[in-house]
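Novice: Let me begin by handing over the structure; questions about it come next.
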Amino acid sequence: MSDTWQTGPGPRRKRPDHMTIVSGMTGTAPPTAGTVMSATGAGAITARAVIRTAAGPGGTTRLETLLSDPPLTLRRTGPARVHLVGSGAGPLGGDHLTLDVDIAPGTALEIRSVAAMLVLPGPADSTMTVNARVGAGASLRYSPEPTVLAAGCTHRLTVRLSLAADAEVFWREEIIFGRHGERPGRGHSRFDVTVADRPLLRQDLVVGRPSVEGSPAVYGHARCVGSSLVAGPRWSARAVPAIGNDPPTAPVQASGDGWTALPLAGPGVLVSALAPDAVELRARLTRGEEAAERIAAGRIVAW
Amino acid sequence: MRERSAGEAALLLLADSRLPAGGHAHSGGVEEAIRLGTITGRDDLAGFLRGRLATAGLVAAALAAAACELGAALADVEDMEEDVEEEDADDACRLWRRLDAEADARTASPALRETARTQGRLLIRTARRIWPSAMLDTLARAVPDGAHHPVVLGATAAVAGCEPRQAALAAAHGSVAAPATAAVRLLGLDPVAVHGLLAALAPDLDGTAHAACASLGGARSVEWPGLPAHAAPALDLLAEGHRRNPLRLFVS
């Protein structure tokens, strides 16, 4: 059985209604990746990229589909790793980008990106939507570079992450409030995570609005916000906290300067961090991610 | 049958800080923010309250509105049927647990989940004595450790005769009134000036209650996943820090 490979931009033509890629189509020109002129503005892009794994022989992971659609360009960079390389700037206002990820049962994949996503203004709002499903016994590590909300942009980021009961995931998001020295554009991210159809985490983050800007309750003086979600059966022992009964010893929470690792009500830990710059944000998230591992190993009494 | 006009007086009772449900013990992150020096006076407090309302306040308002809608629908079923079928009661329990799970998913901080359940437990104990009803009994049975406070507030609002928008308004009001009062006590601020801040937020309270109801779908749980989930990372950090501070005056 051979894999289907589609990397690189491919010819620019209108996308057909059906984009099903049949496994086994190899050795020909990459089909059906294209740019569609949208009604929202001249040159606005609607793009949908697809990553799909399948179980290979001997418990290995096979990339069944790797469909790029500029500016969402995908490259395989390891046995179970894909990089979003991004061809062209953006998204620009009016662009609607979608990434569909389907991790088949028992397979594992890591998704990264080579550079930050700089969101620029345009004639209309831009959107980035990620739909990811992680099957039984599968694992996904998603850690792209930050999203930078350039001044004047209006961007909507939507992530829907659906996990099977025993799937494992690491999912990092970093949002930078504008390029150096500039005011942030407007951003609204929505993150919905379910485990076996039960809600694990739902979170909206709104950036660049007067209601939240500079509020000591929301971001304070931070210029960046980030979160890393780790979820899976390793955290499931703590799914039912002893609510209402004070633990015999004082709870030791994993927190530090500008970061905290929050054990969720369900099987997962959310690391949340605020920082003055992107480098410090990553450092704080990393500390929290290490704490999340200690929580999984039972070395921190979370409550 | 509930009178439409009954909602307004009931709303006043629900939003009154003298309702004996323990609300005065919570600063909503203000105490820790003062300890860390991020709130030093009236201007910082204004920004804190504005951001709190737009995040935790909106989420609480949406959950309260959804709970009010569900509570009213369940109470109507109980009014119509003398003997509530066991199956209906099971369904009702399941619905309350699902709404409570939506509140859990919107509260990443364990400290804040604990606070929400503690306050919910106190409120339902009080509410069941003031407004005895099968619906509140069902909620207490469905989530014995205490449902999240906004869920209990919405259910109580329903049994008191409030509309979902009024339940949302009570939740939004509580999300800023309690922290404002705490700041007066902790920083020795002029209480009149701080009430001026709350007065300035009044249009935003109405707007929040309106926004909270925008995504309701008529007591249909299918709409709950889409309810607002506005996070406030600083409030999460403050809540976790507060819990580790042995010298705290307020519970949260």
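Novice: Total Å² of accessible surface buried at the A-B contact, 1.4 Å probe, nearest 100? If you can, show how the numbers build up before the last one.
Specialist: Numbers: alone 14000 and 12300 Å², together 23350 Å².
Counting protein atoms only, the buried area is about 3000 Å².
Novice: Follow-up question, since we're still on this one. Of all accessible surface on region A:37-187 at a 1.4 Å probe, what whole percent is carbon and sulfur?
Specialist: 55 percent
Novice: Give, rounded to the nearest 20 debye, the magnitude of the charge dipole that region B:53-168 has about its Cα centre when Lys and Arg contribute +1 at Cβ and Asp and Glu contribute -1 at Cβ. Walk me through the intermediate numbers first.
Specialist: Working: 12 positive and 20 negative charges, 211 e Å.
The dipole of region B:53-168 has a size of about 1020 debye.
Novice: Express the accessible area of the protein assembly as shown per residue in Å², computed with a 1.4 Å probe while the remaining protein chains stay in the model. Working shown, then result.
Specialist: Details: 23350 Å² over 555 residues.
I get 42 Å² per residue for the protein assembly as shown.
Novice: Given H placed on each backbone N at 1.01 Å, which residues far from A:Leu157 in sequence or on other chains put an amide H within less than 5 Å of it?
Specialist: For A:Leu157, whose amide H was placed from the backbone, the distant partners under 5 Å are A:Met128, A:His188, A:Ser189, A:Arg190.
Novice: Please list, in chain and number order, the residues 5+ apart from A:Gly137 or on another chain whose amide H is under 5 Å from its amide H, with Hs placed from the backbone.
Specialist: Long-range HN contacts for A:Gly137: A:Gly106, A:Asp166, A:Ala167.
Novice: Count, for each residue of A:263-274, the Cβ atoms from other chains sitting within 10 Å of its Cβ, then give me the mean as a whole number. Could the numbers behind the result be given before it?
Specialist: Numbers: counts 4, 7, 9, 3, 0, 1, 1, 4, 1, 9, 2, 4.
The per-residue average across the peptide is 4.
Novice: If you look at just the Cα atoms of chain B, how large are its Rg and its Dmax in Å?
Specialist: Radius of gyration, then largest Cα-Cα span, for chain B: 17.6, 58 Å.
Novice: Which ³J(HN,Hα) values, rounded to whole Hz and listed in residue order, are derived for region B:240-251 from phi using the Karplus coefficients 6.51, -1.76 and 1.60 in 6.51 cos²θ - 1.76 cosθ + 1.60 with θ = phi - 60°, glycine and proline given as x?
Specialist: Here the 3J(HN,Hα) series is 5, x, 4, 5, 8, 8, x, 9, 6, 8, 9, 5 Hz.
Novice: Quick check: Cα centre of region A:267-287 to Cα centre of region B:95-152, how many Å?
Specialist: Cα centroid of region A:267-287 versus Cα centroid of region B:95-152: 31 Å apart.
Novice: Further question on the same structure: Any chance you could check region A:179-204 for residues losing 20 Å² or more of accessible area when the partner protein chains are in, compared with the chain on its own (1.4 Å probe)?
Specialist: A:Arg190, A:Pro199, A:Arg202, A:Gln203, A:Asp204
Novice: Moving on. As I understand it, the dipole of the protein assembly as shown uses +1 on the Cβ of Lys and Arg and -1 on the Cβ of Asp and Glu, about the Cα centre. Which of A:Pro184, B:Gly22, B:Thr156 lies farthest toward its positive end?
Specialist: Farthest towards the positive pole: A:Pro184.
Novice: Now for a separate question. At a probe radius of 1.4 Å, what is the per-residue accessible area of B:Ser133, in Å² to the nearest 10?
Specialist: Surface accessible to solvent at B:Ser133 totals approximately 20 Å².
Novice: For chain B, what % of the accessible area comes from carbon and sulfur atoms, probe 1.4 Å? Don't skip to the answer; put the middle values down first.
Specialist: On the way: 5830 of 10820 Å².
That fraction is 54 percent.
Novice: Could you run the Karplus curve 6.51 cos²θ - 1.76 cosθ + 1.60 with θ = phi - 60° over region B:163-168 and give me ³J(HN,Hα) per residue in whole Hz, x for Gly and Pro?
Specialist: Computed from phi, the couplings for region B:163-168 are 7, x, 5, 6, 4, 4 Hz.
Novice: While we're looking at this one, here's another question. What does the charge count near B:Leu238 come to, summing +1 for each Lys or Arg and -1 for each Asp or Glu among other residues with Cβ under 12 Å from its Cβ? If you can, show how the numbers build up before the last one.
Specialist: Working: positive: B:Arg35, B:Arg52, B:Arg243, B:Arg244, B:Arg248; negative: B:Glu31, B:Glu32, B:Asp236, B:Glu240.
Here the count lands on +1.
Novice: Another one. Taking every Cα atom in the protein assembly as shown, find the radius of gyration and the maximum pairwise distance Dmax, and write them in Å.
Specialist: 24.3, 76
Novice: For peptide B:111-120, how many partner chain Cβ atoms fall within 10 Å of a residue's Cβ, on average?
Specialist: Working: counts 6, 1, 7, 7, 0, 1, 3, 2, 0, 0.
Counting other chains' Cβ atoms within 10 Å and averaging over B:111-120 gives 3.
Novice: Could I get the Rg over Rh figure for region A:44-233? Both from C-alpha atoms, Rh via Kirkwood, rounded to two places. Don't skip to the end; give the middle numbers.
Specialist: On the way: Rg = 16.8 Å, Rh = 17.1 Å.
Over the Cα atoms of region A:44-233, Rg/Rh equals 0.99.
Novice: Taking amide H atoms as placed 1.01 Å from N in the peptide plane, list the residues 5 or more away in sequence, or in a different chain, whose amide H sits under 5 Å from that of A:Glu110.
Specialist: For A:Glu110, whose amide H was placed from the backbone, the distant partners under 5 Å are A:Arg81, A:Val82, A:Arg141.
Novice: Residue by residue through region A:113-119, what is 3J(HN,Hα) from phi via Karplus (6.51 cos²θ - 1.76 cosθ + 1.60, θ = phi - 60°)? Round to whole Hz and write x for glycine and proline.
Specialist: 9, 7, 8, 4, 9, 8, 8
The values are calculated or read from the model by the stated rules, or taken from the named source; none is laboratory data. These figures come from a predicted structure and were not determined experimentally. Neighbour counts are summed over all protein chains in view; Cβ atoms, including those assigned to glycine, are modelled from backbone coordinates with ideal geometry. Ligands, DNA and RNA are excluded from the accessible area calculation, which covers all protein heavy atoms including side chains. Shrake-Rupley method; radii C 1.70, N 1.55, O 1.52, S 1.80 Å.
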